[in-house]
1. Are any of the residues in the stretch 119-134 under 18 Å from Ser203 (Cβ atoms), among the charged types (D, E, K, R) and touching a Gly at 6+ places or on another chain (Cβ under 9 Å)?
2. Determine, yes or no, whether Glu255 is acidic (Asp, Glu), more than 16 Å from the ligand (Cβ to nearest atom) and at pLDDT below 95.
3. Hey, can you tell me all the residues within the stretch 122-181 that are away from the ligand (no atom under 15 Å from the Cβ), among the acidic types (Asp, Glu) and either under 14 Å from the mean Cα position of the chain (by Cα) or at pLDDT 95 or above (or both)?
4. Give just the number: which of (1) more than 24 Å from Cys201 (Cβ to Cβ); (2) of a type in the set (D, E, K, R); (3) more than 16 Å from the ligand (Cβ to nearest atom) does Asp277 not satisfy?
5. Which of the residues spanning the stretch 205-242 are in a loop (DSSP other than H, G, I, E, B) and within 14 Å of the ligand (Cβ to nearest atom)?
6. Going through Glu261, Glu255, Glu281 one at a time, which residue ends up being touching a residue at least 12 places away in the same chain (Cβ under 8 Å), among the charged types (D, E, K, R), surrounded by fewer than 23 Cβ atoms within 10 Å (Cβ to Cβ) and part of a helix (DSSP H, G or I)?
7. For the stretch 64-113, what are the residues that are touching a Pro at 6+ places or on another chain (Cβ under 8 Å) and either of a type in the set (D, E, K, R) or closer than 21 Å to Met291 by Cα (or both)?
8. Residues that are touching a Pro at 6+ places or on another chain (Cβ under 9 Å), more than 16 Å from the ligand (Cβ to nearest atom) and of a type outside the set (Lys, Arg): does the stretch 322-329 have at least one?
Amino acid sequence: MPITGIYGPDDLTNRPHGQALKQGTSEVITSPRAVPVPGPALPMPSLEWTDDVERATAPLYERVKHVIPPIEWPLMAPTIHAINELKRERGAVILAHNYQAPEIFHCVADIGGDSLQLAVEATKVKAGIIVQCGVHFMAETSKLLNPEKTVLIPDSRAGCSLAASITGADVRLLREKFPGVPVVAYVNTSAEVKAEVDICCTSSNAVQVVESLNAPTVIFLPDRYLATYVASKTDVKIIAWKGACEVHERFKGEELRAYREADPSVQIIAHPECPPDVLAEADFTGSTAHMINWVRNKRPRRLVMITECSMADNVRAELPDVEMLRPCNLCPHMKRITLANILQSLLTRGEEVTIDPALAMRARRSVERMINLKN
Ligand code: SF4
């Protein structure tokens, strides 16, 4: 059914003046910011392209040779080698989202995946230091689930237009407006917002989470398009928020029709953060993890993958026989994470994500409630 209502900062009349946030900014809405950790920094290792580096990184190049030209490898390999040595020395583990560039996702990450996979894997990590290659809300989620561990993000300015679209105060005002209606937050929200909601969800489990509440109406925030998609899959009435992902919102149904007219055999798969006219053209809609599984199982000859472009590179590195046609939208926030600042983060133990313990306890409940849902 269509969503029942859609609200934004301007619809909450008692929202304190000056709190309205611009969509699509890189502002990170979270009280505790990541801070550089004072302490002994390790010396910068040599970043020369040597025979030893070439030998040590040859198996890694095998993984990415279809997406990184040979001429670029000698420029990246020394930093990749230094990161891999240093993470062993530091007792660190690197988590990377599917939208990270192939040289990060395939060459330095210990665990890669979508938000749900990273959230779950974060709970199993034994290492004392987690380096989160993704955006700030992901690092916060890792910290929520690993309060005793040091969680580092190589660039704390890596925000998200969805997380920036709503504050904890907005959630409280929505609760006042709709008393008794449970609130589901997409994981793409700050810890401050997670602390105010009943349960979190990802794009992999959003419908299941909404239905798990056994309520006739649910407030679903902050992504209006994911809310619309969920509403189309359930009889639960959905009240949405006016947030959007600045990357997926830019895709257009007409560009997909043009791909299909050029080659009627092409397969199109899309992420549910896309607008409805895009999803209407897709052969399959799913989270990043579901999209990857779909490609592994179907092995289409030609594929249009409607999501952030690095994911198409990461899939192509694994499945070079699939030809990717890419209307390419990069996430500027994800691209703030680079090999250079991952290395710097390991050398200086910066920037550490900290969350007020009382707020973290409430936010953790919402994430754990999602993780503990039975499949
Ligand atoms: S791709 Fe969209 S949802 Fe993901 S981090 Fe970037 S802005 Fe946020």
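The values are calculated or read from the model by the stated rules, or taken from the named source; none is laboratory data. Here the structure is a predicted model, which is why all the values come from computation and not from measurement. In this analysis, Cβ positions are derived from the backbone assuming ideal geometry, glycine residues included, and neighbour counts consider all displayed protein chains.
1. Within the stretch 119-134, one or more residues are under 18 Å from Ser203 (Cβ atoms), among the charged types (D, E, K, R) and touching a Gly at 6+ places or on another chain (Cβ under 9 Å).
2. Working: acidic (Asp, Glu): yes; more than 16 Å from the ligand (Cβ to nearest atom): yes; at pLDDT below 95: yes.
Against the criterion (acidic (Asp, Glu), more than 16 Å from the ligand (Cβ to nearest atom) and at pLDDT below 95), Glu255 qualifies.
3. Correct list: Asp170, Glu176.
4. (1)
5. Of the stretch 205-242, the ones in a loop (DSSP other than H, G, I, E, B) are 205, 213-216, 222, 234-236, 242.
The one that is in a loop (DSSP other than H, G, I, E, B) and within 14 Å of the ligand (Cβ to nearest atom): Pro222.
6. Working: Glu261 fails: touching a residue at least 12 places away in the same chain (Cβ under 8 Å); Glu281 fails: part of a helix (DSSP H, G or I).
Criteria check complete, one pass: Glu255.
7. From the stretch 64-113, those touching a Pro at 6+ places or on another chain (Cβ under 8 Å) are 64, 66-68, 82, 85-86; that's our starting set.
Residues satisfying the conditions are Val64, His66, Val67, Glu85.
8. Our first condition is that a residue be touching a Pro at 6+ places or on another chain (Cβ under 9 Å); within the stretch 322-329, this holds for 322-323.
Narrowing further to those that are more than 16 Å from the ligand (Cβ to nearest atom): 322-323.
With of a type outside the set (Lys, Arg) added as a condition, the list becomes 322-323.
Yes, the stretch 322-329 has at least one match.
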